Amino acid sequence: MELDHPGDHLGADRRGHSLRANADGRSSSTGRIHCSGAHPAHPLERRHPPRCLMPVVRHHFRCLDCGAETAASLELACGECGGLFEVAYPRLPEGGLRLPLTALPLGQGGTPTISFDWPDARRLRLELKLEYLSPSGSFKDRGAATLISAAWSGGATAFVEDSSGNAGASLAAYGAAAQMSAEIFVPADAPQSKQAQITAVGGRLHPIDGDREAVAAAADQYAREQGIPYLSHNRSPYFSEGMKPAAEEIAEHGLPDAIVLPVGNGSLLIGLQRGFEELAQLGRIERMPRLYAIQAMNVSPLASAFRNHESGEPTPTVADGIAVSQPPRLAQMLAAVRESGGAAAVVSEAEIRSAWTTIARRGLYVEPTSAVPLAALRRLVERGMLADDERVLVPLTGSGLKSPPIR
Ligand SMILES: [Zn+2]
């Protein structure tokens, strides 16, 4: 499905589709392109499948492997080489970060940041960004808003997605906002609370026995058989693109020296790196924070790649949100870590449990995945990766209400 139907303008496409200005024939000064088609102002107000979405910022896709450029679409892979895409823009915007489109505000983003005294690393100036205070209870809402907006703008009335839980719940929620049917494939052993959340917002659950890759394959096959777009938030470039405003919020709060975050499929890692890069191009920041990607020792493909090691066989982890053994964007994740001057590291199950207990006893009830970066702080200091007096930010990515308590 391509996103260039009449009345929708994703622009900058090489095939010469014209970019229309808004209804009175003028482009807005922000570089945003306004639709001239008749439509309700907001998806929550409409009664029929959408034909266009506003505002849309001119963008296209670029293949990460061969560099081929193509019109924006819901395609997941380059027609030339099979590589994954990134979102590209014809020019720098005036002022703010570039986002292709976001028309489904349920209240994502703008999460608070608090100072926190972590017992294992007291000299760090630690800040926690409470990303779990988002409508569906996880940071995924940032990416879901952008990805579902893209599908919605393409006229999709249904979509297929696969998720370990949080992304599925978020995409189903934004699908509900857009009145789209959400077919969500999850591992059968995904936390019941996440599965219940998907169903509550109207998503149709497809529990699959097997690992994360088996779930993705089942979703892909179902989408082909049913003729429904498979959005694949881990492969579509729209999802991580939607994470960029987190970088802007972090910079506005005061740029940290380093950010330590849990990493599974890497959407937040990639989105932060792209966001900071763009802020640097805009002259709004003078340096990039170092990005430290932390994984559970039991499932650690990025940390293995960072050390040029073969990744071991994955084994179960309490950090279900990052239990991803074959992330499709591994090369991009590795580049994001290296280009920032950061590193990738692992923590044990015992360390995750201990960190989770510590933060819970301090009043913040997050899911085990969110304790992963906290569990790494002491070792990062001991290894000299974080200096004692540095300003370090940890995003707390998911609510504790979404996972069973761990002991
Ligand atoms: Zn390619």
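The values are calculated or read from the model by the stated rules, or taken from the named source; none is laboratory data. If you're wondering where the values come from, they're calculated on a predicted model, not measured in any experiment. Counting neighbours? That spans all protein chains shown, and the Cβs are built from the backbone with ideal geometry, glycine included. Each accessible area value is taken on the protein alone, full model and side chains, heavy atoms only, with ligands, DNA and RNA left out. Shrake-Rupley method; radii C 1.70, N 1.55, O 1.52, S 1.80 Å.
Worth pointing out:
- Hz values of 3J(HN,Hα) by residue in segment 377-383 - Karplus curve (6.51, -1.76, 1.60), Gly and Pro given as x: 4, 4, 5, 5, 5, 4, 7
- Taking each residue as 0.36 nm, the span from GLN192 to ARG204 lengthens on full extension beyond its C-alpha to C-alpha distance by 2.9 nm.
- Spin-label pair THR157/ALA68, simplified geometry with 7 Å Cα→Cβ offset, distance in nm: 3.2 nm
- Equivalent ellipsoid semi-axes, the chain, via Cα gyration tensor eigenvalues times 5, rooted, Å: 33, 24, 20
- Per-residue 3J(HN,Hα) values for segment 293-299, derived from phi via the Karplus relation 6.51 cos²θ - 1.76 cosθ + 1.60 with θ = phi - 60°, read 8, 10, 10, 6, 3, 6, 9 Hz in sequence order (x marks Gly and Pro).
- Alpha carbon Rg of segment 76-158, scaled by the compact-globule rule 2.2 N^0.38 Å: 1.52
- Accessible surface calculations at 1.4 Å, restricted to protein heavy atoms, place segment 349-404 at 39 Å² per residue.
- Cross-link partners of LYS194 among aspartates and glutamates (Cα-Cα below 20 Å; sequence separation of 8 or more within a chain): GLU131, ASP141, GLU161, ASP162, GLU183, ASP209, ASP211, GLU213, ASP320, GLU367
- Carbon plus sulfur fraction of accessible area for segment 140-235, probe 1.4 Å, in percent: 47 percent
- Subtracting the Cα-Cα distance of ARG307 and ARG224 from their residue separation scaled by 0.36 nm leaves 26.1 nm.
- ILE406-GLU80 pseudo-label distance in nm [points 7 Å out on the Cα-to-Cβ vector]: 4.3 nm
- Only DSSP H runs of four or more residues enter the estimate; each adds -39500 (n - 2.57), and after division by the residues of the chain the mean residue ellipticity at 222 nm equals -9500 deg cm²/dmol.
- Accessible carbon and sulfur surface of segment 292-407 relative to its total accessible area, %, 1.4 Å: 52 percent
- With θ taken as phi - 60° and the Karplus curve 6.51 cos²θ - 1.76 cosθ + 1.60 applied, the whole-hertz 3J(HN,Hα) list for segment 352-369 is 5, 4, 5, 5, 4, 5, 4, 6, 5, 6, 9, x, 10, 9, 10, 7, x, 4 Hz, x standing for glycine and proline.
- If you take all other residues with their beta carbon under 15 Å from the beta carbon of ASP141, and give Lys and Arg +1 and Asp and Glu -1, the sum is +1.
- Measure of compaction for segment 295-347 (Cα Rg per 2.2 N^0.38 Å): 1.06
- For the chain: relative contact order, % (alpha-carbon pairs under 8 angstrom, 6 or more apart): 15 percent
- Average accessible surface for segment 140-235: 31 Å² per residue, computed with a 1.4 Å probe over protein heavy atoms with every protein chain in place.
- As a ratio to 2.2 N^0.38 Å, the alpha-carbon radius of gyration computed for segment 140-235 takes the value 0.94.
- Listed residues VAL372, VAL263, VAL381, most fluctuating in the chain (Gaussian network, C-alpha, under 10 Å): VAL381
- Placing a pseudo-label 7 Å from each Cα along the Cα-to-Cβ vector at SER354 and ASP388 gives an inter-label distance of 2.2 nm.
- Near the amide H of TYR230, within less than 5 Å, lie the amide hydrogens of VAL160, all on another chain or at least 5 residues away, with H placed in the peptide plane.
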